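Chemist: One structure, as C-alpha cells, below. Some questions next.
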Amino acid sequence: MIQLPPNLHPLFVHFSVALLLVATLFHLLAWVDGTRRSQWLTVARWDLWLGAAATVGTALTGLYAFNTVVHDAPSHAAMTDHRNWAVATLVLFFLLTAWSLMRARAGRTASAPFVGALVVASLVLGSTAWRGGELVYRYGLGVRSLPAAEPDDRPHAHSGPGNGAGVPPHGGAAGDGHTHQH
C-alpha cells in the first residue's frame, strides 16, 4: 500500500520550481530566437501559467508544513527565512503571471523588461529553493529519522551499481557483489 508522507510540500514544490524556471528559459528563447518566437512563447506562457497554478498548492502545503513540522529554535529561524523568501517569490511570479496574461490578451510578445523581470524572479526562486533544501539537508526537517546504527562486524554484500554514481566503492567493479565491513 502506498503511504503518503505527512508533509505534501515536496510533492508540489518540484513542479513549481521546474515549471517556473523552464518558463523563464523559454521566454528567453522567445526573446532571442525570432524564427521560432511564437512556438517558444506559447510553451513559455503555458509553463508560467501552470507553474503559477502549481505554486498555489506549493504555498498551501508549505504553510501547512511550516505550522506542523517538528523543529527547534535554529531550524525555526531557517524556516521563517525560507517562508519569507517564498512569499516574495510567490508575489513576484503572480505579478509576472498577471503581466503575461495581459500581454497574451493584447497579442504582444516577450519584451526585454518582462524577460528581465522573469530572470530576477528566477534568481529569487533559486534562493528560496536553496533555503528549502537547507531545511531538509542541514536541519533534517520533514524527514523520518533512520534507525539507530549499531556496529555490525559481520560482512554483508551489496548488489547494484556501486554507490549509485557508477563509481564502485572500495575499488571493486561496479555491481560485482563485493563485500566489506562496516
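Chemist: Let me understand region 9-137 better: what is its radius of gyration from the alpha carbons, and its Dmax, in angstrom?
Modeler: Just the Cα atoms of region 9-137 yield Rg and Dmax of 15.8, 54 Å.
Chemist: To continue, here is another question. Where does each of SER127, SER122 land when they are ranked from fewest to most other beta-carbon atoms within 10 angstrom? Walk me through the numbers on the way to the answer.
Modeler: On the way: SER127 15, SER122 22.
Lowest count first: SER127, SER122.
Chemist: Counting other beta carbons within 10 Å of each residue's own, what order do LEU92, LEU125, LEU19 fall into, fewest first? Display every interim value, and only then the final one.
Modeler: Working: LEU92 18, LEU125 25, LEU19 21.
The order, fewest Cβ neighbours first, is LEU92, LEU19, LEU125.
Chemist: Let me ask you something else. Loop only by DSSP, 15 or fewer other Cβ within 10 Å of the Cβ. Give me the trypsin sites (Lys or Arg not before Pro) in region 30-114 that pass, ordered by residue number. Write down the numbers at each step before the final one.
Modeler: Details: sites: ARG36, ARG37, ARG45, ARG83, ARG103, ARG105, ARG108; in loops: ARG108.
Those satisfying the criteria are ARG108.
Chemist: While we're here: Can you pull the Rg over Rh of region 43-110, Cα-only, Kirkwood?
Modeler: Working: Rg = 15.6 Å, Rh = 13.6 Å.
In region 43-110, Rg relative to Rh is 1.14.
Each value in this text was obtained by applying a stated rule to the coordinates, not by laboratory testing. Predicted, not measured: the structure shown is a model, and the values here were computed from it. Backbone-built Cβ (ideal geometry, glycine too); neighbour counts: all protein chains shown.
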